Amino acid sequence: MFQVHKPGNHVFLLVGTLLLLISPQVLAEIPEYDMVRIRAGSFLMGSPEDVVLRREDEQLHKVTLTRDFFMGRYEVTQEFYETIMGSNPSYNNVCPDCPVERITWHEAVVFCNAVSLKAGLDPAYEVTESSISL
């Protein structure tokens, strides 16, 4: 998931666990997204076996990022989500600067595509009722 999936001079925007393809020129037009560069390279992900309260799905394993990408420094705000999607599904929906919550994976992907379209880019994801693909 942490690699460039489309050619060209683009960066990724992290929305929860989703990555959104965005051109660098568009970043200046979306001030809600303070971006941080994540450099390509390898690191260990998970937990060593001796960590207290370690879960079984936290096996320590090597992850390799093949290309640099940019990630939003902060969560997507409710205000920005509502600006793009026209609604705010958050339980605590009276806090425009709070992170949006209560969205599904599917809704997050639709949001990413909507941001791409608003920025004049092709959507990064293909969405059908039964599948999501890059």
Q) Taking segment 86-112, which residues are in contact (Cβ under 8 Å) with a residue 40 or more places away in the chain and more than 19 Å from TYR74 (Cβ to Cβ)? A) TRP105, VAL109
(Q) Suppose the filter is under 16 Å from the mean Cα position of the chain (by Cα) and at pLDDT 85 or above; does VAL110 pass it? (A) yes
Q | Tally, over segment 53-69, of residues that are open to solvent by less than 80 Å² (accessible area, probe 1.4 Å) and of a type in the set (D, E, K, R) | A | 3
Q.
Return the residues of segment 114-134 that are in contact (Cβ under 8 Å) with a residue 24 or more places away in the chain and within 21 Å of GLU79 (Cα to Cα); say none if nothing qualifies.
A. ALA114, VAL115, SER116, LYS118, ALA119, GLY120
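The values are calculated or read from the model by the stated rules, or taken from the named source; none is laboratory data. Being a predicted model, the structure only gives us computed values, none of them experimental. Cβ atoms come from the backbone with ideal geometry, glycine included; neighbour counts cover every protein chain shown. Surface areas here come from the heavy atoms of the whole protein model, side chains and all, with no ligands, DNA or RNA. Shrake-Rupley method; radii C 1.70, N 1.55, O 1.52, S 1.80 Å.
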